[in-house]
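One structure is given below, encoded as structure tokens.
The values are calculated or read from the model by the stated rules, or taken from the named source; none is laboratory data. Predicted, not measured: the structure shown is a model, and the values here were computed from it. Cβ sites come from the backbone with ideal geometry, for glycine too, and all protein chains shown count toward neighbours.
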Amino acid sequence: MAERFDVVVVGAGPAGATAALVAARAGLSVCLLERGPFPGSKNMYGGVIYGRILDQVLPGWFDEAPVQRWITRRSTMVTTDDQALTIDFRNGAWSRAPYNGATAFRADFDGWLAGKAEEAGATLVCATTATGLLRGGDGRVVGVRTDRPDGDIEAGLVIAADGVNSFLAKEAGLYPHFSAEHITLGAKEVLHLGRDEIDRRFGLRDLEGLDIEMLGCTQGIAGGGFLYTNLESIAVGVVLSVTGLARSGLRPEQVIAGMKQHPAIAPYVEGGELVEYSAHLIPEGGYRVMAELAGDGLLVTGDAAGLCLAAGLWLEGVNFAIGSGLAAAQTAVEALAAGDTSAAGLAGYRRRLERSFVLQDHRKLRRAPDLLLSDRVQRLYPQLTCDVAEGIFTVENPSRKRGLARVALDAVRRSPVRVRDLARDSLTMLRSYG
């Protein structure tokens, strides 16, 4: 006989664990399904956790969350084969509560957050895959099938938090725009260096951390690179267009190896002992191609809905997952109390997201994904930017120094970038980031 819950949440990542925590805290019976042996066991993570949304879910979270380092330095690096221009920002206030961002191991962080859901009363079931949706006579989703014998789970509402390429959202017909063109592959190496060496090498102390985002370092494949510090190790990796990667004939680890040899990166990674390699798909299509968020008896949240913000300056996912999981749980409580879990009865979910940073940021930056993955931003603009910097800092005595405007104009004239494209892209950037 099928088990019965008010809500079944599929996926115990940050979105699913948050949804389960908030729904259980409200008094609903909740089943949190995780196909890995424990939450976070299959998650690859290559960035920073930004915790302001956690303030609403778990006030004072930073006193107990299992973080590695607090990010006090943010760097953006633009590279060519042998050049690099870096903007580096450091803020001492980010090393104190409430902090701005942190690095963490997902196995630790996801387990901690799922544990909070369990403490609130949710039932966590691991090593179990939701293989499909259960439907009632009227076609409404009424639960999920699992890979366990007699493992059907009935529920008043299903929350799909099963990650990018969500099978549940696809089965429900809520992903009409899904395409490989909108998916990237994140791959990373974790290199052990030791805490003292990391502090010395990156100019850090105590639990200070550094996050570097890179452009132009992926051997012509659309994407970018990253490096960030853990307590005893660093993570270095790439995010690559899956279609571009397929066309290149390269493997992700080859691209990482090439990036590690760049003169701006090699001193950071030298002597690091490889302790882990992992890869994971990432939804980067943005606002225009994300999944429909609700169907009869079903809500879609986190990466399953495409709610990962890849906008160059801002590369964020966990905070959007937590924000959408919170909204999904609040909607579940409201809809179940009203006895209406139809798509119309669940419309409050999108309204909540539209009022929050989750969809406000995605809508504002809806043009960014196409622009960032274009050949101009990936290849031509990094070269142009570095050439301008080289022109500024090259000393050509006894010739008199050129003005900055002249240096920039000369670089543009030498570049294959067309002025009309530069103007159009500048306008797009202004609309998106202004």
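For the reader, a short list of remarks on this structure follows.
- Taken together, the residues in segment 199-221 that are without any contact (Cβ under 8 Å) to a residue 24 or more places away in the chain and closer than 16 Å to K188 by Cβ amount to 0.
- Extreme residue, surrounded by the most Cβ atoms within 10 Å (Cβ to Cβ), among residues of segment 200-214 that are of a type in the set (K, R) and out of contact with any Pro (no Cβ under 8 Å at 6 or more places or on another chain): R200
- Of E119, E197, all but one fail to be surrounded by fewer than 17 Cβ atoms within 10 Å (Cβ to Cβ) and under 29 Å from D82 (Cβ atoms); the exception is E197.
- When restricted to residues that are within 25 Å of A222 (Cβ to Cβ), crowded, with 19+ Cβ neighbours inside 10 Å and among the acidic types (D, E), segment 159-183 contains 0.
- All positions within segment 132-147 that are within 13 Å of L33 (Cβ to Cβ) and surrounded by fewer than 17 Cβ atoms within 10 Å (Cβ to Cβ): G132, R145, D147
- Applying the criterion of at least 1 residues that are within 20 Å of the chain's Cα centre (by Cα) to the strands (runs of 3 or more DSSP E) found wholly in segment 1-106 leaves 3-10, 69-79.
- Pairs linking a residue in segment 16-27 that is in contact (Cβ under 8 Å) with a residue 60 or more places away in the chain to a residue that is hydroxyl-bearing (S, T, Y), with Cβ atoms under 8 Å and 6 or more positions apart or on different chains, are G16/T301; A19/T301.
- Residue check for Q254: touching a helix residue (DSSP H, G or I) at 6+ places or on another chain (Cβ under 8 Å), surrounded by fewer than 21 Cβ atoms within 10 Å (Cβ to Cβ) and either at pLDDT 95 or above or not assigned by TED's automatic domain parsing to the domain that holds G186 (or both): no
- Among the residues of segment 190-221, those identified as assigned to a loop (DSSP other than H, G, I, E, B) and touching an Asp or Glu at 6+ places or on another chain (Cβ under 8 Å) are L193, G194, R205.
- Filter result for the condition that a residue is farther than 26 Å from I212 by Cα, touching a strand residue (DSSP E or B) at 6+ places or on another chain (Cβ under 6 Å) and either surrounded by fewer than 22 Cβ atoms within 10 Å (Cβ to Cβ) or among the hydrophobic types (A, V, I, L, M, F, W, C) (or both), over V125, V57: V125
- Against the test of being closer than 21 Å to C308 by Cβ and at pLDDT 90 or above, the options Y433, Y381, Y349 yield a single qualifying residue, Y349.
- Within segment 240-258, the presence of at least one residue that is in a strand (DSSP E or B) and out of contact with any His (no Cβ under 9 Å at 6 or more places or on another chain) is confirmed.
- Here V419, V388, V395 are screened, and the one residue that is of a type in the set (V, I, T), within 25 Å of G223 (Cβ to Cβ) and either at pLDDT below 90 or in contact with a helix residue (DSSP H, G or I) (Cβ under 8 Å, 6 or more places away or on another chain) (or both) is V388.
- Being free of Cβ contacts under 8 Å to residues at least 24 places away in the same chain, of a type outside the set (D, E) and closer than 25 Å to N43 by Cα is a property that does not hold for R106.
- Some residue of segment 148-158 being surrounded by 19 or more Cβ atoms within 10 Å (Cβ to Cβ), touching a residue at least 60 places away in the same chain (Cβ under 8 Å), in contact with a Cys (Cβ under 9 Å, 6 or more places away or on another chain) and closer than 30 Å to Q254 by Cβ: no
- Complete set of residues in segment 128-142 that are touching a strand residue (DSSP E or B) at 6+ places or on another chain (Cβ under 7 Å) and either modelled with pLDDT of 95 or more or not small (G, A, S) (or both): T128, T129, A130, T131, G132, L133, L134, R135, V141, V142
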